[in-house]
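> Sending over a structure as structure tokens; questions will come in a sec.
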Amino acid sequence: MSDLRLSAEDAADLEVISTCLQDAVTHVRDLAFLPHARRFAMVVNRFRWEEEAARPDKRERARAGLHFENVGAARARNISQDRPDGVLNLLTIRFDELNAPSGIVTLTFSGGGEIRLEVEALDAHLSDLGLVWETPNLPDHDLK
């Protein structure tokens, strides 16, 4: 399969990105809020669900980058930022519109971690970065 490249400008678009990133894993050090650029970026190892659907016997992960533009503020809850090697498992990404087109993007991680981004308008981009590898493991985690 080819590299995944997706953009989101509304909640429905972001739901597609969220589905592609369900069970992506990352380290705390791979999250960055760049206030002067008004950008939040992260690098993850995503499970290639689209490959699993096509060939259940072939499980793969891919290195991917996700970034959000127009970010005015970023807040983390239950994420130890003093532990850069901490591993986070992404469950969902949601957009709640407040005063159109502004709103809140919420990234929810297993174990109760959460990142909330205040955005002027939703502008998200997901791109595979080229590195793909096979994994014997199907994602599994505690939803609590």
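Just so you know, all these numbers are worked out from the coordinates, no wet-lab data involved. Quick caveat: nothing in here was measured; it's all calculated off a predicted structure. Every residue, glycine as well, gets a Cβ built from its backbone with ideal geometry; the counts of neighbours run over all protein chains shown.
> Excluding Glu9 itself, calculate the net charge of residues whose Cβ lies under 11 Å from the Cβ of Glu9, where each Lys or Arg counts +1 and each Asp or Glu counts -1.
That works out to -4.
> Can you tell me how the chain classifies by the Cα gyration tensor, rounded, prolate or oblate, using a/c under 1.5 as the rounded cut?
It comes out prolate by the Cα gyration axes.
> How far is it, in nm, from the label point at Leu4 to the one at Arg116 when both lie 7 Å from their Cα along the line to the Cβ?
2.7 nm
> Once both axes come from the Cα atoms, what is the angle between helix 11-21 and the longest principal axis of the chain, in degrees from 0 to 90, rounded to 10?
Here the helix axis deviates by roughly 40 degrees.
> Quick one: length gained pulling Arg83 to Ala100 fully straight, 0.36 nm per residue minus the C-alpha distance? Please list the in-between numbers first.
Values: separation 17, 0.36 × 17 = 6.12 nm, distance 3.60 nm.
Taking 0.36 nm per residue and subtracting the Cα distance, the gain is 2.5 nm.
> Oh, and also: Could you check the spin-label model distance between Ser127 and Ala11? Points 7 Å from the Cα along Cα→Cβ, value in nm.
2.9 nm
> Only loop residues by DSSP count here, and only those with at most 12 other Cβ atoms within 10 Å; note down the trypsin sites (Lys or Arg not before Pro) in segment 26-135 that meet that. Could you put the intermediate results ahead of the total?
Working: sites: Arg29, Arg38, Arg39, Arg46, Arg48, Lys58, Arg59, Arg61, Arg63, Arg75, Arg77, Arg94, Arg116; in loops: Arg38, Arg48, Lys58, Arg59.
Of the trypsin sites (Lys or Arg not before Pro), the ones in loops of segment 26-135 whose Cβ has at most 12 other Cβ atoms within 10 Å are Lys58.
> What is the spin-label model distance, in nm, from Glu134 to Leu34 if the labels are put 7 Å beyond Cα along the C-beta direction?
It works out to 3.6 nm between the two label points.
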